[in-house]
Each structure stands twice: as structure tokens, then as C-alpha cells.
Amino acid sequence: MLFGSRKPKNYFKVIINFFWPKTGIKRAVKYSRYRFIRLPGSSYSIAAGFACGVAVSFTPLIGFHFVGAAFFAWLIGGNLIASAIGTAIGNPWTFPLIWFWILNLGRWVIGDFSNNIDTDLEITNSSITNNVNEVLIPMLIGGLIMAPVTWFASYYPTKYLIVSYRAARKIRIDKKKKINK
């Protein structure tokens with residue numbers, strides 16, 4: 001092998017490095033942030049794509065988050081990669097909170113006050129699909145209410161972050177060009 005490693009890959013170490021990077025989590029997050037901000041496209045495109053991913057994460061349609069986010073991003077001219085990144089807002093740590101919130105919001109909107117804040121209900125994929133009227137419909141209603149709210153709540157800060165970073169980066173590059181002349 002010309003450019004490969006002499007040692008064979010240890011797949012266990014590759015998996016561990018994915019969850020706990022050798023260079024540290026802080027550096028990995030910083031790198032990911034730079035990669036996100038430097039995505040090709042306008043600040044609107046990236047922020048709108050990201051916001052579409054966040055908005056779709058607030059629906060109970062787990063298997064369709066990537067597809068739904070990409071579709072909505074495509075409809076409004078958002079970045080498809082940013083929409084996929086935005087769906088990461090919905091993850092195993094945040095889904096219980098999101099599902100609890102949209103379920104109770106949907107029940108409140110429907111007027112089902114008897115079951116609000118049901119802490120005994122275990123919300124899982126199977127309980128959502130098996131209990132259409134009691135769980136899925138209220139979650140869809142709550143998710144459809146929260147989707148535009150989260151879209152706007154994530155769009156403006158993301159756009160501000162991208163615009164300010166790009167302006168500061170342009171200033172740094174212009175300073176370097178002046179120094180090198």
C-alpha cells in the first residue's frame with residue numbers, strides 16, 4: 001500500500017474515536033462548526049436549510065426527518081446538507097423532551113385536558129404508531145405548531161452567526177493581504 005498505514009485498522013478504535021475523538025470533543029465541535037459555517041451557498045440558503053432540519057425534527061415522523069427536511073429545504077431554496085445537519089437537533093437525548101412537549105401541546109390544542117402531562121406513558125416509536133388517536137394525532141398537531149416556531153427560532157440566530165463569521169473572516173483575509181503587499 002502506497003499511502004496507507006502499515007498497521008491494519010482496529011475497527012474498535014475507529015468506533016471509539018468517532019464517539020470520543022483523540023483530539024478532544026471541544027476541537028471536534030469547533031471543527032464541525034467551521035465546516036457548517038463554510039458550507040457553500042448564501043447565508044440565507046444555509047440558515048434556511050438548517051432551520052428546515054430543526055423544524056422537521058419537531059415532528060414524530062422519525063424515519064422521514066432527512067427526507068422531509070431536504071424536501072422543505074429544496075422548496076424554499078435552502079441548503080440540503082445544512083438541512084441534514086439541522087435534523088441532528090432531534091437525537092436520542094432530545095427526542096424524549098420534544099415528544100413530551102409536542103404530545104401535551106397537541107392534547108391541549110385538541111382540548112383533551114384529562115391526559116395532559118401523563119408521566120406514566122412511555123413514548124416510543126411503537127407506542128406512537130400503535131396509538132394513533134391517543135398519541136400520533138396529538139403529536140402531529142403539536143409538531144405542526146412547533147415546526148414554524150422552531151424554524152424562525154433557529155433561522156435568525158444561524159443566519160446572524162454565518163453573516164458575522166463571514167464578515168470577520170473577510171476582514172482577517174483583507175488584513176493579511178495588506179500585510180503581504
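Since every read-out is calculated from the coordinates, none of them should be taken as a lab result. Please read these numbers as outputs of a predicted model, since none were measured by experiment. Don't worry about glycine lacking a Cβ; one is built from the backbone with ideal geometry, like all the others, and counts go over all protein chains shown.
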Filter the DSSP H helices in the chain by two things, a Kyte-Doolittle mean of at least 1.6 and an axial alpha-carbon span of 27 angstrom or more, and list the hits by number. none
Students often check this: by mean Cβ neighbours within 10 Å, which of 171-178, 75-82 ranks highest, and how do the rest follow? 75-82, 171-178
Unit charges on C-beta of K, R, D, E only; dipole of the chain, Debye: 2520
Options Ala168, Asn133, Phe12, ranked by Cα towards positive dipole end of the chain, top entry (Cβ charges): Ala168
Enter the mean projected area of the convex hull around the alpha-carbon atoms of the range 66-117, in nm², rounded to one decimal. 4.5
As an exercise, use a Förster radius of 41 Å and the Cβ-Cβ distance of Lys170 and Trp74 to find the FRET efficiency, rounded to the nearest 0.05. 0.90
Exposure-ranked with fewest Cβ neighbours within 10 Å first, Met139, Met146 stand as Met146, Met139
Need one number: convex hull volume per residue for the chain, Cα atoms only, in Å³. 191
Rounded, prolate or oblate: which one fits the range 22-72, using the alpha carbon gyration tensor with axes a ≥ b ≥ c (rounded when a/c is under 1.5, else prolate when a/b beats b/c, else oblate)? oblate
Helical contribution to [θ] at 222 nm, DSSP H n ≥ 4, -39,500 (n - 2.57), averaged over the chain, rounded to 500: -22000 deg cm²/dmol
Contour minus Cα-Cα distance for Asn133 and Phe64 (0.36 nm per residue): 22.8 nm
